[in-house]
Amino acid sequence: MKNIFLLGLLLVFTTLTYAQSSTYSITGKVVDKDAGIPLEYATITVTDVNNAEDVEGGITDTSGNFTIEVPAGEYTIKIEYISFQPIILTKKISGDLNLGTTQLEFAASDLDEVTVVAETTTVDIRLDKKIYNIGKDLTTAGGTVSDALNNVPSVSVDVEGSISLRGNDNVRILINGKPSAIAGYGSTDVLRQLPADAIERVEVITSPSARYDAEGTAGILNIILRKEKTLGFNGSLNTSVGNPDLASISANLNLRTDKFNIFNTTGYRYSSSPGNGYFDTQYNTTNEVTPTYDRIIEDRDIQRLNRGFNTNLGLEYYISDKSSITGTVFYRNGNDVDETTNLTESFRDASKVLETTRIERQKEKDDRYQFSLNYINRFNDEGHQLTADVQYATSKEIQNTFINEDITFDTEDTTPIIAERLLTNEKQNEYLIQADYVLPFGEGSQFEAGYRGNFENEVTDYRVNQEQIANSNNFVQNDTLTNLFDYTENVNAAYTQLGSKFGDFSVLAGLRLENTQLKGKIGSALTEAELQDIYGFEINTDFDNNYLGLFPTLNVTYELNDRENITLGYNRRINRPRGWFLNPFPDRSSRNNVFQGNPNLQPAFANAYDLGYLKRWDKLTLTSSVYFQRETESFEVVQEIIELQGQGSNTNGNTVIRSIPVNLSSNERLGAELGVLYNPVKWLRLNGSFNFFQFNTEGFFNNVDYSAKNTSYFARFSSKVSLPLDIDWQTNAFYRGASQNAQSDTDGILSIDLALSKDVLGDNGTISMNVSDLLNGRKRSQITTNDLFTRDSEFQWRQRQINLSFVYRFNQRKNESQRNRQTGGDDDEGDYQG
């Protein structure tokens, strides 16, 4: 009996001990009641009713889900999110508890306290992308979208405004998830005119899922524009002045009621962008080529005057609590004037024999319209939804160019150089139709399918009129140079993908089918045979190429814990040649250096792999990745000497360096990147990134081996310090390492930006001053060497810029985190979160 009693005590003690040591899971999901979207980083606090000091807690993940482990007991559970009304529950826990979906409502008392922009830049990692929520970047005040992109990790903008991702310039630019006239149909010129404060966030998509276009072997940059979701009327006014001449003004306005939301960004920008260039070319005599001159030195001074007006007006109408329709209209007008003065010295046997001054004056007028309609229907709060988009964009660009070249020194009685008048009339039309369907099922699984049709036509009418020697006031059209290039690109795509979560693993696998049609028709007085005789390669003046391709994607995330994960991505991509890469008629910007398109260019295909790691601490966020890409039929712009015969007296018989894009056999790219966001104390914020890459190119063109191996890197550092008197000081530094390819060695570039700002008018206004390119060193210095010539060159697109800016906000405050409500056309396309 005694033994039975002792055994009973032991069983009771063991049971009590087990009960006290066991823990149970509290799980659930937090969503925005109005928008139906998950709320990431919502805070869950669990407090023991009998011991207020016993507190557990956590935050929601990208899908709004949370899991918290607690021992058995009675607890107060508080679920809260900035600017939303919290929910407080009291529960007895004796087993696992699933709270289901908790819907938080926006706090009406906070309607006048919503931020224009978050104070610091943060990064979120998704299955197929990194999302950089742009913070208050003082160095881009008064700047453009291109300036803002240059401060995003993994992204760099070169001296000519070309955007690259991880050192690869074949990057696809999207606006709000779609191709757009705002992004300039693949050109980045428009991004140099739009104000930087129009951006809410930038999505760096290095491993795109099947939902996205397969275009862009480097990946995709998706620029999300600001659209407030706050009830009532609010907005901001931004003004800037600067040197070299800069004056800009823009307004961001928003009016929201229960049934509709009207949003508008309107701005005007006047800017002067002086630049310069220097080209020193020494020619070699070979069995094939006897150069006209031994050496030619070109010294260019470039003056640009840019005037641009843009407006983006949208209306979102809420049909019901779960469906809405959004219409937007974008318009931009550009009126630019450029003048390039090119002093050219020509040498023979080390003696100058000819000196000319060439002045090129170009006036350009540009009108762009875009009309978009978006419909979204959320069938429930779990993510079941249908979205549909229709978009039409059109643009018209007219360039009038007058080129005059005077001989200022001549030892050989050179034939007078005739003046030219060039007229370029370019029209573009683009239609987009898109539908996406998302169906969640089971526990953490999601099915998606969709269609996108993109239909683009571009007609370039190029006319060359040349001065008659006998009568300088009479200009006659040169039919051998005048041409009409009608280019069409049609892409039809369908995709499906499936995402699911298996414990700590999230998997998103998809397949995209794309059919690409590239059509071109060249209208010219010259026959195909005559064009081949002049330019040295076969030219098809009426081509129609079709490509059908499958593009698989796979993205996997392993959650080590709620602040640490590993990602793995694979995708197949395509690089389609754009219109200017296909037009075989060379530009006229220089008699000695020309760029010429290649209508025989074929698309390039790439397979890319990416392995990433993210770790968050309270004050530190670390992101890192290694990546590998192999591209076949890759594009390479090669330089060679040709003689342009029959092209008018300006070029007849001259040796000219031609830059032309060609397909090479392969390009392999291997790299690694590291990014750090660190806020050690309240008054100091640090942001740094480093990207190292190596690429290996193999291939021949015209019996010349263009194989090359290049190793390079770029690094970025930013610090923001809060000084006394509420003054903020920010420093940005960027360094691009030296690089090489088959023909050229390019020096490294160091650029430093500084900025100071102070809040005024009760924190409703901010005054800031910034200096862009403090050392005036953002220049491309390059040496090109081959068997035919050696060229030393330097080019600077824009000189050092100093800006003074003022921002005034009404019905907004700046020190709270901005709500990230994504509805209508601004959603990030229903990304699967796992």
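The values are calculated or read from the model by the stated rules, or taken from the named source; none is laboratory data. The structure presented is a predicted model; accordingly, all values stated were derived computationally and were not measured. Glycine also receives a Cβ, built like all others from the backbone with ideal geometry; neighbour counts cover every protein chain displayed.
Things worth noting here:
- Residue, farthest from the chain's Cα centre (by Cα), within the range 385-396, restricted to residues that are surrounded by fewer than 18 Cβ atoms within 10 Å (Cβ to Cβ) and of a type outside the set (Lys, Arg): Leu386
- In the range 456-477, the residue that is nearest to Asn425 (Cα to Cα) out of those that are of a type in the set (A, V, I, L, M, F, W, C) and touching a residue at least 24 places away in the same chain (Cβ under 8 Å) is Val459.
- In the range 478-506, the residues that are not assigned by TED's automatic domain parsing to the domain that holds Gln468 form no Cβ pair under 8 Å with any partner that is of a type in the set (Lys, Arg) and in a strand (DSSP E or B), whether six or more places apart or across chains.
- Residue check, Asn264 in contact with a Phe, Trp or Tyr (Cβ under 9 Å, 6 or more places away or on another chain) and at pLDDT 80 or above: no
- Residue list for the range 270-285, restricted to those being modelled with pLDDT of 90 or more and within 23 Å of the chain's Cα centre (by Cα): Ser271
- Meets criteria (part of a strand (DSSP E or B) and more than 18 Å from Asn404 (Cα to Cα)) for Ser324: yes
- Boolean, Asn284 is touching a Leu at 6+ places or on another chain (Cβ under 7 Å) and either among the hydroxyl-bearing types (Ser, Thr, Tyr) or more than 30 Å from Lys365 (Cα to Cα) (or both): yes
- Of residues in the range 496-527 being buried (at least 22 other Cβ atoms within 10 Å of the Cβ) and not charged (D, E, K, R), the one nearest to Arg463 (Cα to Cα): Ile522
- Reported count of residues in the range 735-767, each being more than 30 Å from Tyr808 (Cα to Cα) and either of a type in the set (Val, Ile, Thr) or assigned to a strand (DSSP E or B) (or both), is 9.
- Scanning the range 718-730 for residues that are in contact with a Phe, Trp or Tyr (Cβ under 9 Å, 6 or more places away or on another chain) and either surrounded by fewer than 16 Cβ atoms within 10 Å (Cβ to Cβ) or modelled with pLDDT of 90 or more (or both) gives Ser719, Val721, Ser722, Leu723.
- Residue satisfying condition, being of a type in the set (A, V, I, L, M, F, W, C), within 27 Å of Leu373 (Cβ to Cβ), out of contact with any Gly (no Cβ under 7 Å at 6 or more places or on another chain) and surrounded by fewer than 20 Cβ atoms within 10 Å (Cβ to Cβ), within set Ala435, Ala493, Ala449: Ala449
- Flag for Lys365 being touching a Lys or Arg at 6+ places or on another chain (Cβ under 6 Å) and in the same structural domain as Tyr317 (by TED's automatic domain parsing): no
- Filter result (without any contact (Cβ under 8 Å) to a residue 40 or more places away in the chain and among the β-branched types (Val, Ile, Thr)) within the range 385-416: Ile398
- Taken over the range 72-92, the criterion of being loosely packed, with under 15 Cβ neighbours inside 10 Å and of a type in the set (Val, Ile, Thr) is satisfied by Ile88, Thr90.
- Cβ pairs under 6 Å, 6+ apart, first in the range 435-452 and closer than 14 Å to Glu382 by Cβ and assigned to a strand (DSSP E or B), second among the acidic types (Asp, Glu) and at pLDDT 90 or above: Val438/Glu448
- For Phe279, the stated conditions do not hold, so it cannot be described as touching a helix residue (DSSP H, G or I) at 6+ places or on another chain (Cβ under 9 Å) and either in a strand (DSSP E or B) or in contact (Cβ under 8 Å) with a residue 40 or more places away in the chain (or both).
- The range 614-623, residues that are surrounded by fewer than 17 Cβ atoms within 10 Å (Cβ to Cβ) and in contact (Cβ under 8 Å) with a residue 12 or more places away in the chain: Lys615, Trp617, Lys619, Leu620, Leu622
- Strands (runs of 3 or more DSSP E) contained in the range 529-597 and holding at least 2 residues touching a strand residue (DSSP E or B) at 6+ places or on another chain (Cβ under 7 Å) and under 20 Å from Leu484 (Cβ atoms): 542-561, 593-595
- All told, Asn803 falls short of being at positive phi and either assigned by TED's automatic domain parsing to the domain that holds Ala738 or surrounded by fewer than 21 Cβ atoms within 10 Å (Cβ to Cβ) (or both).
- Residue count for the range 492-506 under the criterion of being outside any strand (DSSP E or B) and not small (Gly, Ala, Ser): the result is 1.
- For the range 449-475, the tally of residues that are out of contact with any Ser or Thr (no Cβ under 7 Å at 6 or more places or on another chain) and farther than 30 Å from Lys521 by Cα stands at 8.
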